[in-house]
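Data first, discussion second: the structure below is written as structure tokens.
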Amino acid sequence: MKSSILIIISFSMFSYSYGQQKTESLDTQDSIHIEKLYGLAKENSDRKPYEAKKYLYEIVQYIDSLVTPRQSKNNYFNKRKADAYHFLSYYERRENNFDEAAILAQKSIDIKLANGLDSLLAISYHQKAKAWIAVLNSMEDGIQQLEKAEQVAKKYKQAGQLSEIYSSLGSAYGVTSDTIKSMRYYKKSIRLVDSIGTDYQKAAMYANYAAILRRFKDYKSSLSYLQKAIVLHKKNNNKIGLESGLYALGVHYTDIGQPLKGITYLKQAIDLCVALKSEAVIPFRYLELSRSYEAIGNYKESYKAYLEYHKLLEKRNDVEEAKKLAKLETAFAYEKQKVRDSLEFASEKRELALITKSETAKKQLYFILLIITVLGGLIIGFLIRRIYKNKAIAATLALEKNKQELAEFTSQLIEKSKAQEALTIELEELKSEFGEKESIKNLQELMATKILTKEDWYIFREKFAIVHPGFFNKIKNKGFELTQSEERLIAMEKLGLDTKQISNMLAISEDSVMMNRYRLRKKINAPKGAPILEHLQVGQ
């Protein structure tokens, strides 16, 4: 049996780590809500794992919904998101969804590496290793991940993690038939867990050690450790661990020639699987039950259990398991040669062969349909990309045109401003030469009006909005209610106009422009000297 179920103790370890981080913002509504979801996931971890998964996904979604700057400033959210991905990887791995488990484990690792959570990496590398071995069937790559986990655990003196990592290394080397390394790591694991481990950890390590001893045919020692693990699982009401232990007992007794005992424990394991809704595990329990019935010559019950395995595996719609099923069906046919004298069984076997042939034909048809669908999708995708490419080109041309029009209109306003300024100077000279004549006075009042008229502003704002869509809405969404004159000033800033050009366009003095800029900076709480657009985050 692989690593026993340490989910509750892992939750507790993460909670303890969290408790040491009191400097984080635990009094916020967001953190309180996340802790509530985390507590519900922990509460359902062994009784209702499918419910625990739901709460963990809710944690990820809730943290993703928070404002990004807030997330980056508070490492508490990063820790909890990494924790959630770690436990989701565990559940997916237990349900034989190894690809998804490996992806989720990597997400947890990425978050920890990006946010300086190096001390928490051991458990994530460990989780990835177990998923990776199952996905790629590459023991070498899996062992490399376990060695990374070992290095981190040693660096941060994480003895509890080391005991689990040593156990997994023992299992890995056991699969490669390296008996010496396997036993060396397992003995390290047992010594550690006996000295510092909790009941949960001891149960897991004993169960793993029992599995490797059974692999090496040391059935007596294997049974002793397996029984210890089951006692601890019962003591802690760990139903997931108990189910795995009962299953291992069933396999043990069948292997040593006591299949009747094996059948008893396997049925108990199946009942617990049903109660826990462990749909991914149940098929393989029935497969082992079929083997045990075969061992006592009860081929009818063996066949029934095998059909149940076949049906439940199809229900999972697992492509990889379907491939394994084809191989198992072939092996099953040859292994049952001894019952050829049974006409009933021979008839049932032929029916199963017909079903298999029918399923193969269906798969071929599905494959052909898949090819047709893929080709059709490629053609449609090409046409859609072509349409969108043409639209993108048209949109780019239109935007460039609008930018040009805005630049020209702005240039016209600046030229108009310069002309008016020159005319105003000339009027002053006439005034000094001819005195306060009424006609000059009226003309002077006319020229004192703002160059950027209301009509000019609307035209300018319309062109500006085309080139910079949503510019003013972004400012408003940040909670700043700007006056029309403030909008004008920010628009001039956006166009890169200097103080002189802005004063000319708005028909005000440069000092007035500086004062308006000072007031605007004060209104939006921008530090002295800080660019206004950069502070508002609308400069791009």
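The values are calculated or read from the model by the stated rules, or taken from the named source; none is laboratory data. All figures in this text were calculated on a predicted structure; none of them were measured in a lab. Cβ sites come from the backbone with ideal geometry, for glycine too, and all protein chains shown count toward neighbours.
The table for this structure:
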item	result
Tally, over the range 273-312, of residues that are assigned to a loop (DSSP other than H, G, I, E, B) and within 27 Å of Tyr50 (Cα to Cα)	5
Output for the range 148-180, where each listed residue is over 18 Å from Lys112 (Cα atoms), in contact (Cβ under 8 Å) with a residue 12 or more places away in the chain and not polar (S, T, N, Q)	Ala159, Gly160, Leu162, Glu164, Ile165, Tyr166, Leu169, Gly170, Ala172, Tyr173, Gly174, Val175
The listed residue being of a type in the set (A, V, I, L, M, F, W, C), modelled with pLDDT of 80 or more and farther than 25 Å from Ser411 by Cα, out of Ile502, Ile475, Ile490	Ile475
All positions within the range 214-230 that are out of contact with any Phe, Trp or Tyr (no Cβ under 6 Å at 6 or more places or on another chain) and modelled with pLDDT of 85 or more	Arg214, Lys217, Asp218, Tyr219, Lys220, Ser221, Ser222, Leu223, Ser224, Leu226, Gln227, Ile230
Options Tyr286, Tyr303, Tyr299: the member that is at pLDDT 90 or above, within 17 Å of Asn96 (Cα to Cα) and more than 31 Å from the chain's Cα centre (by Cα)	Tyr286
Residues being more than 21 Å from Leu37 (Cα to Cα), surrounded by fewer than 23 Cβ atoms within 10 Å (Cβ to Cβ) and over 14 Å from the mean Cα position of the chain (by Cα) - total across the range 75-113	6
Inter-residue pairs, beta-carbon under 9 Å, first in contact (Cβ under 8 Å) with a residue 12 or more places away in the chain and in the range 183-198, second β-branched (Val, Ile, Thr), 6+ apart	Met183/Ile212; Tyr185/Ile165; Tyr186/Ile212; Ser189/Ile165; Thr198/Ile9
Test for Asn237: is it within 31 Å of the chain's Cα centre (by Cα) and farther than 21 Å from Ala172 by Cβ	yes
